[in-house]
Amino acid sequence: MTAYLNGKFMPIAEAKISPLDRGFLFADGAYEVIPVYGRYGFRQEEHMRRFQVSLDGIRLPNPHTPDEWRALIKQIIANAPFEDQQLYIQVTRGADVKRDAAFPVNVPQTVFMFTAPMAKPSAEMRANGVACITAPDIRWGRCDLKTVALLANSQARQVSVDAGCTETIMIRDGYLTEGSASNVFIVKNGTLYTPDLTSCLEGITRATVLTLADELGLKVIEKRITRDEVYCADEAFFTGTAAEVTPIRELDRIEIGCGSRGPITEKLQNAFFDIVNGRNPKYAHWLTKV
Ligand code: PDD
């Protein structure tokens, strides 16, 4: 695994940080995950814009200019011995000499990146869908930011591991919010529904699917969705950098629709893979050449 830490590229095993790092003590940091297909960063600029939103949201100065980030990203992708990658970028408020919750003064941020082979859903999961389970959404209020405070997401994810499921769909006050690391969509009577942005992260894959839905002439409604509406959906799927577009065949052991991938999900998946695999020239600009 190829890593970068505070100005140096190195094998991940050589990357060391202080135990006083505020990412470690307070989860005081923001992160991004960029999918890389064939060494092209997919919607890299949008990911880096969202990273800026996350940094601003926790009042953490960005240690690099956009051009500096582009150069670092280019180099780490080029250094990796694999084509399809998941690039992780994290900035924390650095390591002070003491443990104090208040922001330290004159402490440099910790900048960390690593890239790993992309963990894609299997062909079987893409074609037939996966089983998911619901759990209460116990996260803090700023779910619009990608911060490293992922304890509640991790707890939620483990619920699906324990149940032999693939993803945990989180519910708050009776309404669907999102997956532990994904956004969720349902289809009912030909219309695509997804929670509005008051209750979920503005996923880049979510935005891609919304654009594709528009191109396919689908009616799209962003609104609050109840758990029962998900159970009664004709189709459901979740989206994300790691999940891509993954059909949900059952939720809480209840079969969704026909209990397999639905036709609208399949159309959106095909359109998505055409773009990330460079087969749709209209969206070639979403693939950043390294
Ligand atoms: N997670 N919602 C949550 C809570 C997420 O953590 C993610 C992504 C998404 C989907 O966003 P995008 O389409 O931009 O990847 C939605 C990343 C992959 C992660 O934390 O590893």
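Before moving on, here are some points about what is shown:
- Residues whose amide H lies under 5 Å from that of GLU167, counting only those 5 or more places away or on a different chain, are ILE133; hydrogens are built 1.01 Å from N in the peptide plane.
- Amide H to amide H distances under 5 Å link GLU178 with MET170, where only residues 5 or more positions off or on other chains count and H is placed in the peptide plane.
- Centre-to-centre, using Cα atoms only, region 45-118 and region 173-210 are separated by 26 Å.
- When the pairs LYS146/LYS267; LYS146/LYS188; LYS16/LYS98; LYS74/LYS267; LYS74/LYS146 are compared against a 24 Å limit on Cα-Cα distance, LYS146/LYS267; LYS146/LYS188; LYS74/LYS267 fall above it.
- Against the criterion of solvent-accessible heavy-atom surface with a 1.4 angstrom probe, PHE238, PHE114, PHE24 sort, most first, into PHE24, PHE114, PHE238.
- Region 97-199, dipole about Cα centre (Lys/Arg Cβ +1, Asp/Glu Cβ -1), debye to the nearest 20: 240
- Lys, Arg +1 and Asp, Glu -1 on Cβ, resulting dipole of the chain about Cα centre, debye, nearest 20: 560
- Per-residue extension of 0.36 nm, minus the Cα-Cα distance of LYS8 and ALA27, leaves a gain of 4.6 nm for this segment.
- The trypsin sites (Lys or Arg not before Pro) of region 22-122 that DSSP puts in a loop, and whose beta carbon has at most 14 other beta carbons within 10 Å, are ARG59, LYS98, ARG99.
- Calculated FRET efficiency, LEU151 to LYS267, Cβ-Cβ distance, R0 = 45 Å: about 0.75 to the nearest 0.05.
- Euclidean distance between Cα centres, region 123-166 to region 1-38, Å: 23
- In the complete set of protein chains, residue-level accessible area for CYS143 is approximately 20 Å², probe 1.4 angstrom.
- Förster radius 41 Å - calculated FRET efficiency between VAL105 and ALA78 (Cβ-Cβ, nearest 0.05): 0.65
- Surface composition of the chain: carbon plus sulfur atoms hold 54% of the accessible area, using a 1.4 angstrom probe and ignoring ligands, DNA and RNA.
- Within a straight-line Cα-Cα reach of under 18 Å, LYS223 can be paired with the following aspartates and glutamates, leaving aside sequence neighbours fewer than 8 residues apart in one chain: ASP137, ASP144, ASP173, GLU178, ASP196, GLU202, ASP214, ASP234, GLU235.
- Top of ALA213, ALA101, ALA135 by mean-square fluctuation, Gaussian network on the chain, Cα under 10 Å: ALA101
- The residues of the chain present an accessible area of 46 Å² per residue when probed at 1.4 Å with all protein chains retained.
- Computed helical MRE - 222 nm, the chain, DSSP H runs ≥ 4 contributing -39500 (n - 2.57), nearest 500: -8500 deg cm²/dmol
- Of VAL105, VAL245, VAL148, the residue with the largest accessible area leads and the full order is VAL105, VAL148, VAL245 (1.4 Å probe).
- Ranking ILE169, ASN106, GLY38 by Cα position along the charge dipole of the chain, where only Lys, Arg, Asp and Glu carry charges on their C-beta atoms, puts ASN106 farthest toward the positive end.
The values are calculated or read from the model by the stated rules, or taken from the named source; none is laboratory data. Because the structure is predicted, anything quoted here is derived from the model rather than measured. Cβ atoms come from the backbone with ideal geometry, glycine included; neighbour counts cover every protein chain shown. Accessible surface areas use protein heavy atoms only, side chains included; no ligands, DNA or RNA. Shrake-Rupley method; radii C 1.70, N 1.55, O 1.52, S 1.80 Å.
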